[in-house]
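Structure record follows, encoded as structure tokens.
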Amino acid sequence: MTVTDSAATQVVTPDDIDIAARRIGDVILASELHQSERLSEQTGATILLKREDQQAVRSYKIRGAYNLMSQLTGDERSAGVVTASAGNHAQGVAFACRSLGINGRIYVPTNTPKQKRDRILAHGRNWVELVVTGVNFDAAQTAARADAERTGATMVPPFDHPDTMAGQGTIAAEILAQLDRVPDAVVVPVGGGGLVGGLATYLAEYAPDCKIIAVEPAGAPSLTRALEAGEPVTLDTVDTFVDGASVARLGDFPFGVISSMTERIQVLTVDEGAVCTAMLELYQNEGIISEPAGALAVTALEQLEIDEGATVVCIISGGNNDVSRYSEIIERSLVHQGLKHYFLVKFPQEPGQLRRFLDEVLGPEDDITQFEYLKRNNREYGAALVGIELGSATGLHSLLERMEASRIDCERLEPGTAAYEYLT
């Protein structure tokens with residue numbers, strides 16, 4: 001079955017969230033509220049990290065999935081469940097399937113990292129079937145809904161359902177219970193909006209002065225576009241790098257909550273490259289392995305005007321990051337910081353031209369990290385793709401000046417252009 005039109009009239013209440021907290025209390029971990037000395041010193045505030053990466057499935061998604069599935073009737077459990085997910089919700093559903101003895105089919109898009117696919121099967125074991133289909137979450141969700149209609153299985157939405165939102169909102173109840181004061185702000189990652197909708201519902205009742213900062217990736221601003229249009233809209237294109245938050249359409253239930261609290265909820269978008277930098281800094285300084293979506297809240301801190309001495313909670317929503325992605329993460333971070341640049345260099349086919357390039361163009365702190373000939377059949381010139389990592393972002397201007405003065409033709413490839421995407 002799927003969510004019916006009549007369900008759209010349901011409202012998630014603070015009482016629903018308190019009941020959900022009791023319902024799932026024996027299954028989920030009351031995750032650590034860890035103070036980051038580094039981020040606190042940088043901002044002049046007390047920055048607390050809500051460590052949802054510590055859950056059994058390494059993300060907060062277990063809260064909503066288990067809250068919904070534990071309420072299914074006997075007949076509904078016998079019919080099984082179906083869900084779609086970019087990976088984290090799927091792990092929560094798989095965990096719940098095995099814990100509750102419910103068979104499930106889980107649809108994930110093709111861009112779901114292998115690490116997440118493996119963990120889904122590890123949590124669900126013989127209780128779940130994994131179906132990989134579609135280029136993004138929304139395509140997988142369409143396939144899952146068709147399955148539910150065809151088989152009579154219960155759809156377990158990752159964000160667009162009151163019971164899912166209530167389960168995810170239990171994080172707010174935990175934060176207030178763990179603190180001896182009301183936080184000044186809670187910074188929340190946004191994909192489909194279930195987490196921020198649940199948190200906002202609870203905090204509006206018990207911490208009305210707490211500001212909520214909703215953060216989404218620049219490549220998937222579903223909340224921003226929904227608020228502009230006055231209703232959820234489907235994005236034409238989505239950058240799937242921040243896979244846990246790359247949702248083309250905000251959920252209807254979350255939008256109902258968020259749109260009614262716009263005076264309390266600030267919405268920010270952050271660049272994917274900045275997310276990568278935050279991920280690396282969390283790992284190198286706090287020892288936290290965060291996935292891209294899990295670092296959204298911390299990434300937003302540099303955009304916020306935070307009062308000195310304020311208490312700010314950042315939700316680390318998940319830690320399911322595939323180690324094979326770190327080369328791309330490092331690359332995106334360097335480009336974002338202005339340290340990595342790419343050029344098309346046309347070398348005259350004369351002896352000593354590479355040495356000339358090194359002597360005349362490259363600075364003492366610069367390093368060539370990629371060198372690839374692109375064309376070898378021209379007798380006068382040989383074109384090469386050259387990646388250069390600078391010692392400092394401020395060194396780009398002098399590098400470009402040296403290139404201009406050299407007789408070697410150098411063309412900078414600008415990020416975001418077709419040539420840049422194709423060649424790099």
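The values are calculated or read from the model by the stated rules, or taken from the named source; none is laboratory data. Source: prediction; values computed, not measured. Quick reminder, even Gly has a Cβ in these numbers, built from the backbone with ideal geometry, and neighbours come from all protein chains shown. The accessibility values were calculated without ligands, DNA or RNA, using every heavy atom of the protein model including side chains. Shrake-Rupley method; radii C 1.70, N 1.55, O 1.52, S 1.80 Å.
Of these, R119, R105, which one is of a type in the set (K, R), open to solvent by 10 Å² or more (accessible area, probe 1.4 Å), in contact with a helix residue (DSSP H, G or I) (Cβ under 7 Å, 6 or more places away or on another chain) and modelled with pLDDT under 95?
The unique qualifying residue is R119.
Specify which of the listed residues (I388, I368) is of a type in the set (A, V, I, L, M, F, W, C) and either open to solvent by 60 Å² or more (accessible area, probe 1.4 Å) or in contact with a Phe, Trp or Tyr (Cβ under 8 Å, 6 or more places away or on another chain) (or both).
The match here is I388.
When the residues of region 44-67 are narrowed to those that are closer than 16 Å to M155 by Cβ and open to solvent by 10 Å² or more (accessible area, probe 1.4 Å), which ends up nearest to the chain's Cα centre (by Cα)?
Here the answer is K61.
Right, A226: open to solvent by less than 20 Å² (accessible area, probe 1.4 Å), more than 18 Å from the chain's Cα centre (by Cα) and either under 29 Å from G416 (Cβ atoms) or acidic (D, E) (or both) or not?
yes
Give the residue that is modelled with the highest pLDDT, with candidates limited to residues of region 391-423 that are of a type in the set (V, I, T) and open to solvent by 30 Å² or more (accessible area, probe 1.4 Å).
Applying the filter and picking the extreme gives T394.
Within region 58-68, does at least one residue satisfy the condition of being assigned to a loop (DSSP other than H, G, I, E, B), hydrophobic (A, V, I, L, M, F, W, C) and in contact (Cβ under 8 Å) with a residue 60 or more places away in the chain?
no
With within 20 Å of A300 (Cβ to Cβ) and of a type outside the set (K, R) as the only criterion, which of T73, T46 stands out?
T46
Go through (1) at pLDDT 90 or above; (2) in a strand (DSSP E or B); (3) over 21 Å from S327 (Cβ atoms) one by one and return the number of the condition F357 breaks.
Exception for F357: condition (2).
Out of E411, E401, E365, I need the residue that is of a type in the set (D, E), over 31 Å from the mean Cα position of the chain (by Cα) and part of a strand (DSSP E or B). Which one?
Result of the check over E411, E401, E365: E411.
Scan region 177-189 and tell me whether some residue there is under 26 Å from L48 (Cβ atoms), polar (S, T, N, Q) and part of a helix (DSSP H, G or I).
yes
Can you spot a residue in region 168-186 that is open to solvent by less than 30 Å² (accessible area, probe 1.4 Å) and of a type in the set (S, T, N, Q)?
For region 168-186, residues open to solvent by less than 30 Å² (accessible area, probe 1.4 Å) and of a type in the set (S, T, N, Q): present.
Just checking: which of the helices (runs of 4 or more DSSP H) contained wholly in region 232-340 hold 2 or more residues that are open to solvent by less than 10 Å² (accessible area, probe 1.4 Å) and modelled with pLDDT under 95?
By residue number, no helices (runs of 4 or more DSSP H) qualify.
What pairs come up if the first residue lies in region 392-410 and is at negative phi and among the basic types (K, R), the second is buried (at least 16 other Cβ atoms within 10 Å of the Cβ) and not in a helix (DSSP H, G or I), and their beta carbons are under 7 Å apart, counting only those six or more places apart or on different chains?
The qualifying pairs are R402/V361.
Among the residues of region 123-168, which ones are aliphatic (A, V, I, L, M) and without any contact (Cβ under 8 Å) to a residue 12 or more places away in the chain?
Residue satisfying the conditions is A146 alone.
Which members of region 18-28 meet the condition of being closer than 15 Å to S99 by Cα and touching a helix residue (DSSP H, G or I) at 6+ places or on another chain (Cβ under 7 Å)?
The answer is R23, I24, V27, I28.
When the residues of region 72-88 are filtered to those that are surrounded by 20 or more Cβ atoms within 10 Å (Cβ to Cβ) and at pLDDT 95 or above, which remaining residue is nearest to the chain's Cα centre (by Cα)?
By that ranking, first place goes to T83.
Can you name the number of the only condition in (1) of a type in the set (S, T, Y); (2) in a strand (DSSP E or B); (3) open to solvent by 10 Å² or more (accessible area, probe 1.4 Å) that S40 fails?
(2)
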